[in-house]
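What follows is a set of notes on a single structure, which appears directly below.
The values are calculated or read from the model by the stated rules, or taken from the named source; none is laboratory data. A quick note: this is a predicted structure, and the numbers were derived from the prediction, not measured. Glycine also receives a Cβ, built like all others from the backbone with ideal geometry; neighbour counts cover every protein chain displayed. The area values use the complete protein model at the heavy-atom level, side chains included, leaving out ligands, DNA and RNA. Shrake-Rupley method; radii C 1.70, N 1.55, O 1.52, S 1.80 Å.
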Amino acid sequence: MIPVIFASSLLTFPQTLANVDFVKNSSVLSGMLGAISGASPMYYLMYTVLIIFFCFFYVSIIFNPNEAADNMRKYGGFIPGIRPGKNTADYMNKILTKITVVGGLYLAILSLLPQIMISGIKLQRLPLVGNFIDAHLPRFLLDGLGITWYFGGTSLLIVVGVAMDTVNQIEAQLIMRHYEGFTPRAGRIRGRRSSV
């Protein structure tokens, strides 16, 4: 969630700057800032790149492969086929990089999908190929579906995350108090961690 929030915050700054009188009067500045306005291909590209960048930034702050490899070695753990120490840290860093790229792309797709459904991707604005794209691509992709959708990708991620966290906390409280679950034994809903 953090990378999406940081990326959207950084991209709202140029849009806010475009409303300043000095920028409105300058054709060069207003043209540059207009190129990264919402629903433009450059906006979507910058949004995706910023989300992936902030995913790497956030993971680098949260997880240190060298420290994790040292802790594994201290407590006698190892990854089969990988020598403890630096080799384990390098292996963990390589795996973490792959997971972060896939996770960043997933976050970008999830946060952009509602926006693309609402307003489309204005590919017809591209120089040189815009007319060809406008003539051959379907209108729903270029102009959106024309639906009124009040939840963006970020708010959907927040709602789903809060719902999952709430269910986990309720399950933890029920287990702590030795309850069987939400419903009686005969009709019990089996959760992810259920061993029955």
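Keeping to the range 35-51, report how many residues are open to solvent by less than 40 Å² (accessible area, probe 1.4 Å) and part of a helix (DSSP H, G or I).
So the count comes out to 7.
Here are some residues: L142, L96. Which one is open to solvent by less than 80 Å² (accessible area, probe 1.4 Å) and either outside any helix (DSSP H, G or I) or modelled with pLDDT under 80 (or both)?
Exactly one residue qualifies, and that residue is L142.
Select from the range 147-177 the residues that are open to solvent by less than 70 Å² (accessible area, probe 1.4 Å) and part of a loop (DSSP other than H, G, I, E, B) and list them in ascending order.
Within the range 147-177, I147, G152 meet the criteria.
Yes or no, residue by residue, for (1) open to solvent by 70 Å² or more (accessible area, probe 1.4 Å); (2) over 30 Å from L145 (Cβ atoms); (3) in contact with a strand residue (DSSP E or B) (Cβ under 9 Å, 6 or more places away or on another chain):
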{"residue": "R83", "(1), (2), (3)": "yes, yes, no"}
{"residue": "M92", "(1), (2), (3)": "no, yes, no"}
{"residue": "S119", "(1), (2), (3)": "no, no, no"}
{"residue": "K122", "(1), (2), (3)": "no, no, no"}
